[in-house]
Amino acid sequence: MLSDVDVNVNVKIDAMGAADIPAVVALGSGATTGQLQEELTRPWALCFVARDSSARVIGFVLTWHVTDELHILDVVVEAELRRRGIGRALMQHALTRARERSAVHVYLEVRRGNAAAIRLYRALGFFTLAVRKKYYPDGEDAIEMAARMDPDTGQIMPGRDEVNPEHV
Ligand SMILES: CC(C)(COP(=O)(O)OP(=O)(O)OC[C@H]1O[C@@H](n2cnc3c(N)ncnc32)[C@H](O)[C@@H]1OP(=O)(O)O)[C@@H](O)C(=O)NCCC(=O)NCCS
């Protein structure tokens with residue numbers, strides 16, 4: 001399904017196809033060609049790309065949907081086009097598509113030092129669940145975050161932080 005997005009650039013979001021993989025790798029999320037090819041074979045993987053008016057890939061989100069849970073594995077926007085609402089639009093698109101498949105609980109991990117991503121998730125209504133010490137190979141902690149969608153409306157329901165990462 002394709003969706004038009006009201007952001008500061010003319011953006012369309014649709015499902016990632018095999019032809020998009022080189023452009024997604026070039027966005028620099030760290031995902032390799034092989035990993036992305038594998039995602040396309042997984043029935044539970046929902047991958048979307050944001051395209052500019054020339055259909056060039058400028059953003060990407062990778063999620064896994066399992067029963068009533070959605071896991072956000074990656075979201076990345078081209079460096080020069082950040083802070084224009086594209087990351088938020090990709091996240092909202094993924095949440096909407098997952099809700100259509102009955103997802104309610106949404107989970108993700110983010111680096112403790114990734115202030116931009118944490119602000120984005122907070123703006124969407126995510127709350128903290130836990131801190132995973134030295135989760136990443138370079139030793140940085142992960143903050144585990146969650147959100148809950150109202151099964152009827154799809155709105156993110158208010159949630160409270162279960163840990164304060166400053167104190168963990
Ligand atoms: C995280 C990322 C995807 C955000 O994409 P984006 O298109 O720039 O985000 P948006 O413009 O939709 O921002 C939505 C909100 O998130 C917050 N936000 C996003 N970037 C921010 C920044 N650099 N500093 C502070 N807040 C930020 C703001 O609340 C923003 O709303 P506002 O602009 O109205 O204040 C982008 O910074 C990125 O690609 N980072 C590198 C990859 C990455 O770290 N991904 C996360 C992996 S867990």
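The values are calculated or read from the model by the stated rules, or taken from the named source; none is laboratory data. A quick note: this is a predicted structure, and the numbers were derived from the prediction, not measured. All Cβ positions, glycine included, derive from the backbone under ideal geometry; neighbour counts span all protein chains shown. Just the protein is used for accessible areas: all its heavy atoms, side chains included, with ligands, DNA and RNA removed. Shrake-Rupley method; radii C 1.70, N 1.55, O 1.52, S 1.80 Å.
So the values come out like this:
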| quantity | calculated |
| --- | --- |
| Cβ-Cβ FRET estimate between Val168 and Glu100, R0 fixed at 35 Å, reported to 0.05 | 0.50 |
| Theoretical ellipticity at 222 nm over the chain - DSSP helices of four or more residues, -39500 (n - 2.57) apiece, nearest 500 | -7000 deg cm²/dmol |
| Which of Lys134, Lys12 is most accessible, then next, and so on - probe 1.4 Å | Lys134, Lys12 |
| Solvent-accessible ranking of Trp64, Trp44, largest area first, probe 1.4 Å | Trp44, Trp64 |
| Where Glu166, Glu69, Glu39, Glu100 fall by accessible area, highest first, once all protein chains stay in place (1.4 Å) | Glu166, Glu100, Glu69, Glu39 |
| Calculated from backbone phi, Karplus (6.51, -1.76, 1.60) coupling profile of region 124-138 in Hz, x at Gly/Pro | 7, x, 6, 10, 7, 10, 6, 10, 9, 5, 6, 5, 8, x, 7 |
| Per residue accessible area in Å² of the chain, where ligands, DNA and RNA are left out and the probe is 1.4 Å | 54 |
| Whole-percent carbon and sulfur share, accessible surface of the chain, 1.4 Å | 49 |
